Amino acid sequence: MIGEPPLRATLFLMDPDEKPPPDFHLVQAWFEKWKGVVKEVHYSSGGWEHCWDVEGPLVAFRDIPKRLFCISDWANYPQPLQGPVHKSWATHFDDGNGYDAQSRVDA
């Protein structure tokens, strides 16, 4: 429900072409729909991918495809028992911490 403390999630998608993929537009439309309810805490892009750390209520997270969620140290949604999770090779981009995303996932 909207009155509950916000959940934290990481959204990830690849972007290998010059034009943004359809899922990029889907995420942008989702942010617009949930404006004032969902908060973009962090965004990063290495040029070939997009990664967002977001906070919001469960009702908003249920409104976006599960394939866009990935596991990260920051996220507390989705829980493993709530269904399949996309475990991307790059779950979180934060070069400021000096770690390699690949080794964090595979470790």
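The figures follow:
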| quantity | calculated |
| --- | --- |
| Conditions (1) in contact with a strand residue (DSSP E or B) (Cβ under 7 Å, 6 or more places away or on another chain); (2) modelled with pLDDT of 95 or more; (3) of a type outside the set (Asp, Glu): number failed by Lys35 | (1) |
| Condition met for Leu7 (at pLDDT 95 or above, surrounded by fewer than 19 Cβ atoms within 10 Å (Cβ to Cβ) and among the aliphatic types (A, V, I, L, M)) | no |
| Filtered residues of the stretch 30-54 (kept if surrounded by fewer than 18 Cβ atoms within 10 Å (Cβ to Cβ), under 15 Å from the mean Cα position of the chain (by Cα) and of a type in the set (D, E, K, R)) | Lys39, Glu40, Glu49 |
| Test set (1) farther than 17 Å from Asn76 by Cβ; (2) buried (at least 17 other Cβ atoms within 10 Å of the Cβ); (3) modelled with pLDDT under 95 - Asp15 fails condition number | (2) |
| Pairs where the first residue, in the stretch 18-29, is without any contact (Cβ under 8 Å) to a residue 60 or more places away in the chain and the second is polar (S, T, N, Q) and outside any loop (DSSP other than H, G, I, E, B), C-beta under 9 Å, 6+ apart | Pro20/Gln28 |
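The values are calculated or read from the model by the stated rules, or taken from the named source; none is laboratory data. What you see is a predicted model; the values in this text were computed from it and never measured. Note that each Cβ is placed from the backbone with ideal geometry, even for glycine, and that neighbours are counted across all protein chains shown.
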